[in-house]
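Participant: Got a structure for you, questions after.
The values are calculated or read from the model by the stated rules, or taken from the named source; none is laboratory data. Only a predicted model underlies this, so the values are computations on that prediction, with no experimental measurement involved. Please note: Cβ atoms are built from the backbone with ideal geometry, for glycine as well, and neighbour counts cover all protein chains shown. SASA here: full protein model, heavy atoms, side chains in, ligands and nucleic acids out. Shrake-Rupley method; radii C 1.70, N 1.55, O 1.52, S 1.80 Å.
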Amino acid sequence: NEAGSVTETDWARGFLESTIRGEPGTKFNYNSMNTYMLSAIVREVSGKGLTDFLRPRLWEPLDITEVYWEKCPRGIEKGGWGLYIRQEDFAKIGQLLLQKGEWKGRRLVSEAWVDAATSAQIETPESYGGFHYGFQIWVGRENDSFLFNGMFGQNILCYKDSGILVASNAGVDEMFQGSEF
């Protein structure tokens, strides 16, 4: 219950007290609270918020200097939404994954993780359009592509075979856009 979880002060508790829809791992149900929980786990384990945790690991190596991430009432970055970075910086993250986790000769993310994250981990219903789901990343059903799909038209579409990256920054009236490409 994504909407119900964010109406409480303690989002983690709201998430953990929610009912499960189906047998875990058998049916896809997009829910940004899953990503919020990853952010909460990073904070619990590292003692740092997601923004600070990523600073030396991602932001600084990619020369991303302007980062703002919305937080829940308890001060934890939302994880699944609310990240504000420049479009060209967002594109750097897509390019990093196109380059299998390497940036300017430096390994930032393991190649094995990039391969897994940008490969289908679960099939989605046809109603979700042309993508299945990897690790927090949409993965092309019929082509070797992956997509960061943000609210209201913020997207990074990457084609692995050609290395093409398309960044869009829009203001559409749909929360998430569907596509048949």
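Participant: When you scan region 118-153, how many residues do you find that are open to solvent by 20 Å² or more (accessible area, probe 1.4 Å), farther than 12 Å from residue 93 by Cβ, among the polar types (S, T, N, Q) and modelled with pLDDT under 95?
Facilitator: Result for region 118-153: 4.
Participant: All but one of (1) open to solvent by 50 Å² or more (accessible area, probe 1.4 Å); (2) outside any loop (DSSP other than H, G, I, E, B); (3) under 18 Å from residue 34 (Cα atoms) hold for residue 115; which doesn't?
Facilitator: Condition (3) is where residue 115 drops out.
Participant: In addition: Which residue pairs have Cβ atoms closer than 6 Å, lie 6 or more positions apart in sequence or on different chains, and pair a first residue in region 58-78 that is free of Cβ contacts under 8 Å to residues at least 60 places away in the same chain with a second residue that is open to solvent by less than 30 Å² (accessible area, probe 1.4 Å) and among the acidic types (Asp, Glu)?
Facilitator: Listed by first residue and then by second, the contacts come to 64/89; 69/77; 71/77.
Participant: Further, regarding this structure: Is there any pair with a first residue in region 137-157 that is closer than 16 Å to residue 35 by Cα and a second that is assigned to a helix (DSSP H, G or I) and modelled with pLDDT of 95 or more whose Cβ atoms are under 7 Å apart and which are 6 or more apart or on different chains, and what are they?
Facilitator: Correct list of pairs: 137/117; 148/94.
Participant: When the residues of region 72-89 are narrowed to those that are open to solvent by 90 Å² or more (accessible area, probe 1.4 Å), under 25 Å from residue 99 (Cα atoms) and charged (D, E, K, R), which ends up modelled with the highest pLDDT?
Facilitator: Top of the filtered list is 88.
Participant: Taking into account only those residues within region 36-71 that are of a type in the set (Ser, Thr, Tyr) and buried (at least 17 other Cβ atoms within 10 Å of the Cβ), which is modelled with the lowest pLDDT?
Facilitator: Initially, region 36-71 is screened for residues of a type in the set (Ser, Thr, Tyr), giving 36, 39, 46, 51, 65, 68.
Filter again for buried (at least 17 other Cβ atoms within 10 Å of the Cβ), leaving 36, 39.
On the way: 36: 93, 39: 96.
For region 36-71, the residue satisfying everything is 36.
Participant: Residue check, residue 24 against (1) out of contact with any Ser or Thr (no Cβ under 9 Å at 6 or more places or on another chain); (2) at pLDDT below 95; (3) closer than 22 Å to residue 154 by Cβ; (4) not hydroxyl-bearing (Ser, Thr, Tyr), all met but one. Which one?
Facilitator: Evaluating residue 24 over (1) out of contact with any Ser or Thr (no Cβ under 9 Å at 6 or more places or on another chain); (2) at pLDDT below 95; (3) closer than 22 Å to residue 154 by Cβ; (4) not hydroxyl-bearing (Ser, Thr, Tyr) leaves (3) as the failure.
Participant: Same structure, new question: Within region 68-84, identify whether any single residue is under 17 Å from the mean Cα position of the chain (by Cα), part of a helix (DSSP H, G or I) and among the acidic types (Asp, Glu), and answer yes or no.
Facilitator: Scanning region 68-84, I find no residue that is under 17 Å from the mean Cα position of the chain (by Cα), part of a helix (DSSP H, G or I) and among the acidic types (Asp, Glu), so the answer is no.
Participant: Follow-up question, since we're still on this one. Right, residue 157: part of a strand (DSSP E or B) and closer than 19 Å to residue 113 by Cβ or not?
Facilitator: no
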